[in-house]
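Peer 1: Before we start, here is the structure in question, set down as structure tokens.
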Amino acid sequence: MNLDKRMTLKDAVAKFIHDGDTVYYGGFQIMVPMALTHEIIRQKKKNLTTVESSTDVGGLDILVGAGCVKEIHTAWIMNWYVKAPYAIRRAFNEGKLKRYDISNFGATSAMIAGFLGVPFMPILGNIGTDMLKHNPTDLQVIKDPFTGEKITVVRAWRADVAIIHAQKADRLGNVVSYGSRGVTDEFGAMGSKRGVIVTAEEIVEPEVVRSDPDRVIVPYFKTLAVVHCPWGAHPSACRGYYGLDIRFSQYQGRYERHAELLPKFLDEWVYGCEDHAAYIKKYVNKFGQAGLDRLKPVLGFKPKLDVDYGYHDPACWKGVPMYTDDRLKAYEEALAKKGGK
Amino acid sequence: MTAASNYKLTELMTIRCAKEIKDGEVVFVGVGLPIVVAAYAMATNAPNMIMFTEGGAIRATAPLALGITVDDPALFTGADQTFGMLATMAALQRGECDVAFIGGAQIDKFGNINSSGVGDWTKPSKFTYFAGSGGANDMATSGKRVLAIMPQDAKKFVEKVDYITTPGYLSGPGEREKLGMIGGGPDCVVSTMGVYRFDKKTKEMYLAEYFPGQSVDKIKASCAWNLKVSPKVVETTAPTEEEIKVLRGIDPTGFYLG
């Protein structure tokens, strides 16, 4: 296997995200694909539709604020550290953004339907609410063909392309994620039509990934691009690598709040940085190495279960006679005499 | 057990709310204050509580650190299962969650919750978006009973919410049943002023307890409809020094409690 899907952030976005695409936006309150968000803004992609269940730290808020998005399907969006989705609020007020609301499990079920390749999925929530009333694009109530009762169904979400951040990936495109990995990355990513762009904290050898394949959430055949990108989820957290940068999220959020100020943030932290490494360098210059050091996680929680993915070789049956006993033999012989089987 | 002399109303709200959780119950914990309440309940009156998080961790033990987000790594470290939201939400739909524990921005007299926004949604220029449902809708639809926690003022406690994100009793008795909801609906609301329950017949929220320093009149003034008051309304017991100490150990920087 000579595949090598590694490329730069710039190339991955230029090659695989097109104006007008529907994008699965990975992560949840942690593992937000921020480096990819910045690059999409840098390349001034337009008219994107996003699907996700919930997303924090204002990643999607600045993507909307930068004018890249025309439509969002979501259960929950904000920058929790300033308690609002300011740019999204403004874009909606100005009629520049269509918003389709649904519950978290509604969104997750929409992506599970996409993952399964079926057109819709029944769910128990959303009925009786204004989400159902205002979002017939995603939610409908139908008759359960088995019981005749009413049941809410959610339309399958199948993005054109998925963007996610993970702890590790290999050059083939196997994506390793563990612990809290967003709500729906495995479903949103696998349900995408063209495939997945992943940023990863570390690139490891395929042999290493294959030693623990239970942790692979996206297998290589589905992956379009692998970008080695330390701090790729900053200011959101990446389990085992860094915690949430509350102070930076608040700082960014105070820019999100004001229509006049947000472009200044984008100029400095997005357009003004060649890539994500430059963004992190700027961070260190402005807020000090201590800012990054503060995000160090408490480690020492390696699995204690002794797991061995061993297998059994059926070659051991070669030459082994059939097991039998007198009772079985007598029965089979009597049956054969009668011409039975 | 001496009564604490100095505490914040958010702290009393948290401590009082935790007492609504019975030991051994499966509690589906939503974003925000419920995370602190659940950690406090596990440290005090409900050590055998089973904690389900929206991010998808299932825990028999209290988290090692305060969860800032619902999928905070701290909520996953040392969990009993971390299968993801699919597992915890599926348990809700199977009817296995005793308590759906949520916050919200606005609540009305039938316990309907709005976390989508205020204004008229059909006129985009006149609607101010909040974050959206998150998992609250799923939790309140299918949890056996709903426990809600939210700071109180007359803009938050309204006669009718601008947008129903999360169903309470909708427009009154029988509505949930008509729509086939498997959960029982709102049972208790704890605010920064008092404790509310719901009339079994009318499904309307009424005041059951008022916090020390608050009064029925003051609370009625912080409620946009003509709030009914239980004839047995009582003053909530003030927290003890010990309770405050435990709580401040859980949220040492005042991230949630101010």
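Peer 1: Within segment A:12-40, restricting attention to residues that are part of a loop (DSSP other than H, G, I, E, B) and more than 14 Å from chain B (Cβ to nearest Cβ), which residue is nearest to residue A:81 (Cα to Cα)? Break it down stepwise before answering.
Peer 2: Pass one, segment A:12-40, residues part of a loop (DSSP other than H, G, I, E, B): A:17-21, A:26-33.
Keeping just the survivors that are more than 14 Å from chain B (Cβ to nearest Cβ) gives A:17-21, A:33.
Values: A:17: 29, A:18: 31, A:19: 30, A:20: 30, A:21: 29, A:33: 18 Å.
Among those residues, the one meeting the criterion is A:33.
Peer 1: Regarding residue B:35, is this residue assigned to a helix (DSSP H, G or I), within 13 Å of the chain's Cα centre (by Cα), among the hydrophobic types (A, V, I, L, M, F, W, C) and within 17 Å of residue B:79 (Cα to Cα)?
Peer 2: So residue B:35 fits the description; yes.
Peer 1: Filtering segment A:92-106 down to residues that are buried (at least 24 other Cβ atoms within 10 Å of the Cβ) and of a type in the set (A, V, I, L, M, F, W, C), which residue is farthest from residue A:59 (Cα to Cα)?
Peer 2: Residues of segment A:92-106 that are buried (at least 24 other Cβ atoms within 10 Å of the Cβ), as a first pass: A:99, A:101-106.
If we keep only those that are of a type in the set (A, V, I, L, M, F, W, C) too, we end up with A:102, A:105.
Values: A:102: 19, A:105: 21 Å.
Ranking the qualifying residues of segment A:92-106, first place goes to A:105.
Peer 1: Restrict the check to segment A:47-67 and report whether at least one residue is crowded, with 24+ Cβ neighbours inside 10 Å, facing another protein chain (nearest Cβ under 10 Å) and of a type in the set (A, V, I, L, M, F, W, C).
Peer 2: The answer is yes; a qualifying residue exists.
Peer 1: Which of the numbered conditions does residue B:160 fail, given that it passes all the others? Conditions: (1) in contact with a strand residue (DSSP E or B) (Cβ under 6 Å, 6 or more places away or on another chain); (2) surrounded by fewer than 22 Cβ atoms within 10 Å (Cβ to Cβ); (3) without any contact (Cβ under 8 Å) to a residue 40 or more places away in the chain.
Peer 2: Exception for residue B:160: condition (3).
Peer 1: Which residues, counting only those in segment B:73-92, are aromatic (Phe, Trp, Tyr) and facing chain A (nearest Cβ under 7 Å)?
Peer 2: So the first thing to find is which residues in segment B:73-92 are aromatic (Phe, Trp, Tyr), and the list is B:76, B:83.
Within segment B:73-92, just B:76 meets the criteria.
Peer 1: Can you tell me how many residues within segment B:156-208 are of a type in the set (A, V, I, L, M, F, W, C), under 24 Å from residue B:221 (Cα atoms) and either in contact with a helix residue (DSSP H, G or I) (Cβ under 7 Å, 6 or more places away or on another chain) or within 14 Å of chain A (Cβ to nearest Cβ) (or both)? I'd like the intermediate steps shown before the answer.
Peer 2: Let us first name the residues in segment B:156-208 that are of a type in the set (A, V, I, L, M, F, W, C), namely B:157-158, B:161, B:164, B:170, B:179, B:181-182, B:188-190, B:193, B:195, B:198, B:205, B:207-208.
Adding the requirement that they be under 24 Å from residue B:221 (Cα atoms) leaves B:157-158, B:161, B:164, B:170, B:188-190, B:193, B:195, B:198, B:205, B:207-208.
Next, from what is left, pick out any that are either in contact with a helix residue (DSSP H, G or I) (Cβ under 7 Å, 6 or more places away or on another chain) or within 14 Å of chain A (Cβ to nearest Cβ) (or both): B:161, B:164, B:170, B:190, B:193, B:195, B:207.
Residues meeting the conditions: 7.
Peer 1: While we're on this one: Output the residues belonging to segment B:157-211 that are closer than 30 Å to residue B:3 by Cβ and touching a Pro at 6+ places or on another chain (Cβ under 6 Å).
Peer 2: Residues satisfying the conditions are B:192, B:198.
Peer 1: Identify, from the list B:195, B:189, B:229, the residue that is assigned to a strand (DSSP E or B), at pLDDT 95 or above and under 24 Å from residue B:66 (Cα atoms).
Peer 2: When all the criteria are applied, what remains is B:189.
Peer 1: Take residue A:86 and decide whether it is under 30 Å from residue B:53 (Cβ atoms) and touching a strand residue (DSSP E or B) at 6+ places or on another chain (Cβ under 6 Å). Please lay out each step first, then the result.
Peer 2: Working: under 30 Å from residue B:53 (Cβ atoms): yes; touching a strand residue (DSSP E or B) at 6+ places or on another chain (Cβ under 6 Å): no.
Against the criterion (under 30 Å from residue B:53 (Cβ atoms) and touching a strand residue (DSSP E or B) at 6+ places or on another chain (Cβ under 6 Å)), residue A:86 does not qualify.
Peer 1: Let me ask something else. Being touching a strand residue (DSSP E or B) at 6+ places or on another chain (Cβ under 6 Å) and either over 30 Å from residue A:210 (Cβ atoms) or among the acidic types (Asp, Glu) (or both) is true for just one of A:295, A:262. Which residue is that? Give the steps one after another, and end with the answer.
Peer 2: Details: A:262 fails: touching a strand residue (DSSP E or B) at 6+ places or on another chain (Cβ under 6 Å).
Step by step, each of A:295, A:262 is checked, and only A:295 is touching a strand residue (DSSP E or B) at 6+ places or on another chain (Cβ under 6 Å) and either over 30 Å from residue A:210 (Cβ atoms) or among the acidic types (Asp, Glu) (or both).
Peer 1: How about segment B:91-129: which of its residues are surrounded by fewer than 17 Cβ atoms within 10 Å (Cβ to Cβ) and either within 27 Å of residue B:173 (Cα to Cα) or of a type in the set (Val, Ile, Thr) (or both)? So that I can check it myself, show each step before the final result.
Peer 2: So in segment B:91-129, the residues surrounded by fewer than 17 Cβ atoms within 10 Å (Cβ to Cβ) come out as B:94-96, B:119-120, B:122-123, B:125-126, B:128.
Answer for segment B:91-129, where residues must be surrounded by fewer than 17 Cβ atoms within 10 Å (Cβ to Cβ) and either within 27 Å of residue B:173 (Cα to Cα) or of a type in the set (Val, Ile, Thr) (or both): B:94, B:95, B:96, B:119, B:120, B:122, B:128.
Peer 1: Taking segment B:28-49, which residues are out of contact with any helix residue (DSSP H, G or I) (no Cβ under 6 Å at 6 or more places or on another chain) and either under 20 Å from residue B:134 (Cβ atoms) or of a type in the set (S, T, N, Q) (or both)? Break it down stepwise before answering.
Peer 2: Of segment B:28-49, the ones out of contact with any helix residue (DSSP H, G or I) (no Cβ under 6 Å at 6 or more places or on another chain) are B:31-35, B:38, B:42, B:44-48.
Within segment B:28-49, B:31, B:32, B:33, B:34, B:35, B:38, B:44, B:45, B:48 qualify.
Peer 1: Being more than 22 Å from residue A:241 (Cα to Cα), in contact with a Pro (Cβ under 6 Å, 6 or more places away or on another chain) and either more than 8 Å from every other protein chain (Cβ to nearest Cβ) or crowded, with 21+ Cβ neighbours inside 10 Å (or both) narrows it down to one of B:58, B:35, B:15, B:50, so name that one. Explain how you work it out, then say what you get.
Peer 2: Numbers: B:58 fails: in contact with a Pro (Cβ under 6 Å, 6 or more places away or on another chain); B:35 fails: in contact with a Pro (Cβ under 6 Å, 6 or more places away or on another chain); B:50 fails: in contact with a Pro (Cβ under 6 Å, 6 or more places away or on another chain).
So the residue among B:58, B:35, B:15, B:50 that is more than 22 Å from residue A:241 (Cα to Cα), in contact with a Pro (Cβ under 6 Å, 6 or more places away or on another chain) and either more than 8 Å from every other protein chain (Cβ to nearest Cβ) or crowded, with 21+ Cβ neighbours inside 10 Å (or both) is B:15.
The values are calculated or read from the model by the stated rules, or taken from the named source; none is laboratory data. If you're wondering where the values come from, they're calculated on a predicted model, not measured in any experiment. As a convention, Cβ positions derive from the backbone with ideal geometry for all residues, glycine included, and neighbour counts pool all protein chains shown.
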